[in-house]
Amino acid sequence: MDEFRKTCLYDKHAALGAKIEPFAGWLMPIEYTGIIAEHQAVRTKSGMFDVSHMGEVLVKGPDALRYIDYLTTNEISSKPDGKVVYGMMLYPNGTVVDDLLTYKVSPTELFLVVNASNIAKDYAWIVEQTDGFDVVVRNLSDDFGEIAVQGPATEDLLRRIMGIELGDLEAFTFKHVWWHDHDLLVSRTGYTGEDGFEIYADFLATNEIWDILLASGEILPCGLGARDTLRFEAALPLYGHEISDEITALEAGLGFFVKLEKPDFIGKAVLVRQKAGELTRKVVGIELTEKAVPRAHYDVYAGETKIGYVTTGYLSISAGKPVAMAMIDIAHAQPGTPISVQIRTRKVPGFVRDKKFYKKNYKPKGDKANE
């Protein structure tokens, strides 16, 4: 396994007896006490994830805002400093290079967070698009550790355990916090459907934070297994499943984060045509009426006609229902439409529904789906 990278917290995971497997070129903890227990800890109290494998890219220069609004689907220029904006980078054909978070430090400085599996590809793409823009791009992915602490009790727990006050952070905002002689960048976004925070720090501070949170006994360490079940229930996409270089932003059902009114961005022309009537398929939610699990890549049918495939599917831990997100023909995408999923030797009946299989009970101020 020497060909796989390890995060700065790898030894902590091994010492805890975590189940460790390769993911996106890294050796990552999949689970500790079990996916269900970790999932429920995040839904009811708080859990922490090592996400130090994520990529960070710094964009600086006089044209930083003009550049990022051309590079990504969302709109950043009008947002205040301290805002975090979710969006996508697209190829000219409208398919997705990656989804990312843009942290607006200032009009001349932006901090981008990209998926671990795409760091090299993303960085090359970001640099390639700088022609004609007065910006400098730096890959900082090897400089940061990151811990995501998620769940409804997290704000109070971080205040009591670490002594940091985060109540002033609205949803999708960030700030710097000085803690134990370390500069922490703390944001309030999350990838679980719950309130929560991401703490970016140097490797030493990341280890100190992990240790103090673990020692409290109040925040459960969680692996990537629970991270996937949690994000799925909240209809948050995963690259290679709901979004990819073969799926456009509108096919993924992420039109809310695509600002077609912007003067231009890479891939806009294709999405304009799709919006005008050329969209032929779309990611939707489906629910089965029998207890069978619709796994990724299983075929979806309307009668005897194949109309698509499952992108992600589970027996929802929170809802207790067999549900999935699926890419299907637009003609069958209306909620309530009968469908079936081929599971081994039989077609299991179900219907099209909304994608949000879980709705959190608490929303911090400013949580409006990152408008």
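Brief remarks on what is shown
- Those strands (runs of 3 or more DSSP E) of segment 244-333 in which 3 or more residues are under 25 Å from N74 (Cα atoms) and at pLDDT 95 or above occupy 281-288, 322-329.
- Criterion applied to Y10, Y67, Y32 was being surrounded by 16 or more Cβ atoms within 10 Å (Cβ to Cβ), among the hydroxyl-bearing types (S, T, Y) and without any contact (Cβ under 8 Å) to a residue 40 or more places away in the chain, and the one residue passing it is Y10.
- Exactly one residue among F203, F257 is closer than 21 Å to V113 by Cβ and in contact with a Cys (Cβ under 6 Å, 6 or more places away or on another chain), and that residue is F203.
- Hits in segment 119-139 - residues which are loosely packed, with under 15 Cβ neighbours inside 10 Å and touching an Asp or Glu at 6+ places or on another chain (Cβ under 7 Å): D134
- You will find that of A148, A116, the residue that is modelled with pLDDT of 95 or more, surrounded by 14 or more Cβ atoms within 10 Å (Cβ to Cβ) and in contact with a His (Cβ under 7 Å, 6 or more places away or on another chain) is A116 and no other.
- Residues of segment 318-332 satisfying the condition of being among the hydrophobic types (A, V, I, L, M, F, W, C) and surrounded by fewer than 20 Cβ atoms within 10 Å (Cβ to Cβ): A319, I330, A331
- Where strands (runs of 3 or more DSSP E) sit wholly within segment 180-235, none has at least 1 residues that are among the β-branched types (V, I, T), surrounded by fewer than 24 Cβ atoms within 10 Å (Cβ to Cβ) and touching a helix residue (DSSP H, G or I) at 6+ places or on another chain (Cβ under 6 Å).
- Just one of the listed residues (F256, F232) is under 28 Å from P22 (Cβ atoms) and of a type in the set (F, W, Y), and it is F232.
- In segment 275-292, the residues that are more than 24 Å from K360 (Cβ to Cβ), of a type in the set (V, I, T) and surrounded by 13 or more Cβ atoms within 10 Å (Cβ to Cβ): T289
- In segment 334-353, the residues that are of a type in the set (A, V, I, L, M, F, W, C) and either under 22 Å from E278 (Cβ atoms) or not in a strand (DSSP E or B) (or both): V352
- Output for segment 159-179, where each listed residue is touching a helix residue (DSSP H, G or I) at 6+ places or on another chain (Cβ under 8 Å), free of Cβ contacts under 8 Å to residues at least 40 places away in the same chain and of a type in the set (A, V, I, L, M): I164, L166
- Annotation: K356 fulfils all but one of (1) part of a loop (DSSP other than H, G, I, E, B); (2) over 24 Å from G225 (Cβ atoms); the unmet one is (2).
- V57 touching a residue at least 40 places away in the same chain (Cβ under 8 Å) and either within 16 Å of the chain's Cα centre (by Cα) or part of a strand (DSSP E or B) (or both): yes
- Of all residues making up segment 77-99, the number that are more than 15 Å from A124 (Cα to Cα) and surrounded by fewer than 24 Cβ atoms within 10 Å (Cβ to Cβ): 14
- Unique match (being charged (D, E, K, R) and within 23 Å of D142 (Cβ to Cβ)) among D156, D264, D195, D183: D183
- Within segment 35-54, the residues that satisfy the criterion of being hydrophobic (A, V, I, L, M, F, W, C), crowded, with 18+ Cβ neighbours inside 10 Å and assigned to a helix (DSSP H, G or I) are I35, A41, V42.
The values are calculated or read from the model by the stated rules, or taken from the named source; none is laboratory data. Everything numeric in this text was worked out from a predicted model, so none of it was measured. Please note: Cβ atoms are built from the backbone with ideal geometry, for glycine as well, and neighbour counts cover all protein chains shown.
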